[in-house]
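A short write-up of the structure that comes next.
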Amino acid sequence: MKKIVRGNDFTLRIPVKKIVNGEQVSFPLTDCTDIAVHVVSKYKRTALPYTIDKESNDVLLADVDGTTLSLGTYALEVTGRLKGANWRSFEYEQFAIVDNNASSDITLGDEVISGALVILPPGESSLKPDIPPPKKSKKAQADNDRQGDKM
């Protein structure tokens, strides 16, 4: 089970398969209607916005807003309709939201998070972008000019 620090936005990649004669086969989500993706904790069920993956029509990409989920363990529920018949997939304990980096065990994009240390990809020497100094207002500039004239 993956552990993610509360507040981090992330995307769940959800493969949806069906079992035919004991083997997993593609489940055509583009043929389905009323698809819904929920993460389910002990106390709450939260709907997630999703899209069907462009490369594979049996994969859902669900976006999770890191500020909406409380601390805890989450199961995953996907429901829908195919040719008038309802279907449902429910997977127990897929991920957990934790309160600090020391409890986390995931990699976000190219950044590796381990304890309180962030390891950036090559070429990234600082977390702070180059920010130009703020420009002075016209009034402050005029005051500065007057001060310079007095000296």
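The values are calculated or read from the model by the stated rules, or taken from the named source; none is laboratory data. Bear in mind that the values here come from a model prediction, so they are computed numbers and not experimental data. In this analysis, Cβ positions are derived from the backbone assuming ideal geometry, glycine residues included, and neighbour counts consider all displayed protein chains. Ligands, DNA and RNA are stripped out before the accessible areas are found, and what is left, the full protein with its side chains, is counted by its heavy atoms. Shrake-Rupley method; radii C 1.70, N 1.55, O 1.52, S 1.80 Å.
In this structure, does Asp53 turn out to be in contact with a helix residue (DSSP H, G or I) (Cβ under 9 Å, 6 or more places away or on another chain) and in contact (Cβ under 8 Å) with a residue 24 or more places away in the chain?
Numbers: in contact with a helix residue (DSSP H, G or I) (Cβ under 9 Å, 6 or more places away or on another chain): yes; in contact (Cβ under 8 Å) with a residue 24 or more places away in the chain: yes.
It is true that Asp53 is in contact with a helix residue (DSSP H, G or I) (Cβ under 9 Å, 6 or more places away or on another chain) and in contact (Cβ under 8 Å) with a residue 24 or more places away in the chain.
Scan Thr46, Thr67 and give me the residue that is surrounded by 12 or more Cβ atoms within 10 Å (Cβ to Cβ) and of a type outside the set (Asp, Glu). Break it down into steps so the answer makes sense when it comes.
On the way: Thr67 fails: surrounded by 12 or more Cβ atoms within 10 Å (Cβ to Cβ).
None of the others qualify; the one that does is Thr46.
I'd like the full set of residues that are open to solvent by less than 30 Å² (accessible area, probe 1.4 Å), over 16 Å from Val5 (Cβ atoms) and aliphatic (A, V, I, L, M), limited to segment 49-64. So that I can check it myself, show each step before the final result.
At the first step, the residues of segment 49-64 found to be open to solvent by less than 30 Å² (accessible area, probe 1.4 Å) are 53, 58-60, 62, 64.
Pick out the ones that are also over 16 Å from Val5 (Cβ atoms) and you get 53, 58-60, 62.
Within segment 49-64, Val59, Leu60, Ala62 meet the criteria.
What about Val25, is it within 30 Å of Asp105 (Cα to Cα), open to solvent by less than 60 Å² (accessible area, probe 1.4 Å) and out of contact with any helix residue (DSSP H, G or I) (no Cβ under 6 Å at 6 or more places or on another chain)? First the steps, then the outcome.
Values: within 30 Å of Asp105 (Cα to Cα): no; open to solvent by less than 60 Å² (accessible area, probe 1.4 Å): yes; out of contact with any helix residue (DSSP H, G or I) (no Cβ under 6 Å at 6 or more places or on another chain): yes.
No; evaluated as a whole, the condition is false for this residue.
For the structure I just gave you, tell me whether Leu82 is touching a residue at least 12 places away in the same chain (Cβ under 8 Å), touching a Cys at 6+ places or on another chain (Cβ under 7 Å) and not small (Gly, Ala, Ser).
Values: touching a residue at least 12 places away in the same chain (Cβ under 8 Å): yes; touching a Cys at 6+ places or on another chain (Cβ under 7 Å): yes; not small (Gly, Ala, Ser): yes.
Yes: the conditions hold for Leu82.
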